[in-house]
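The values are calculated or read from the model by the stated rules, or taken from the named source; none is laboratory data. Keep in mind that this is a model prediction, so the values were computed, not measured. We place every Cβ from the backbone using ideal geometry, glycine too, and count neighbours over all the protein chains shown.
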């Protein structure tokens, strides 16, 4: 597996080895030992999630204030622009974001550690988005940062269709008003 750093050291792009021929391809999408070596510590994953979204759907920026979730995300079908925002007040990269295109073709994965808000925009007709989470989903602890908050200024790519954003995400807090990590 190839490990590529981002502008925020804790957020990593992981590129598995893909073996392909005329029959198709094979890749090891997850190996606990290799993953732990890549991030530098052991992570227990307790939940796998799968969502499907249409072109223009923007989900995020989500996090849990208690039971924080680290997420290992990838795309099985389609293409998304995936974003992680550092929301740890004591971090030197607080309020900064990184984004990467994840697709079925590039097989890349993004490690979004606990302490980060996460979101994505679907760029293809539809996308199947898969992620492993390091803690269980807890609706009472779920929080969000507004996707277009000027304090964060995510540079979302142009999309060939109108954005589709849930009212929960549209009404999310600005970074300055959000409940964050220390």
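Odds and ends about this structure:
- For region 42-59, a residue qualifies if it is within 14 Å of residue 132 (Cβ to Cβ) and touching a residue at least 12 places away in the same chain (Cβ under 8 Å), and the qualifying residues are 43, 44, 45, 46, 47, 48, 49, 50, 51.
- Only one entry in 161, 153 is assigned to a loop (DSSP other than H, G, I, E, B), closer than 24 Å to residue 12 by Cβ and out of contact with any helix residue (DSSP H, G or I) (no Cβ under 8 Å at 6 or more places or on another chain), namely 153.
- Residue check for residue 160: more than 14 Å from residue 62 (Cβ to Cβ), touching a residue at least 24 places away in the same chain (Cβ under 8 Å), surrounded by fewer than 19 Cβ atoms within 10 Å (Cβ to Cβ) and out of contact with any strand residue (DSSP E or B) (no Cβ under 8 Å at 6 or more places or on another chain): yes
- Out of 84, 117, 76, 127, sole residue that is surrounded by fewer than 21 Cβ atoms within 10 Å (Cβ to Cβ), assigned to a strand (DSSP E or B) and modelled with pLDDT of 95 or more: 76
- Residue within region 97-110 that is under 17 Å from residue 63 (Cα atoms), out of contact with any strand residue (DSSP E or B) (no Cβ under 6 Å at 6 or more places or on another chain) and surrounded by fewer than 16 Cβ atoms within 10 Å (Cβ to Cβ) present: no
- Any hit, region 60-72, residues being in a loop (DSSP other than H, G, I, E, B), in contact (Cβ under 8 Å) with a residue 24 or more places away in the chain, in contact with a strand residue (DSSP E or B) (Cβ under 6 Å, 6 or more places away or on another chain) and closer than 28 Å to residue 169 by Cβ: yes
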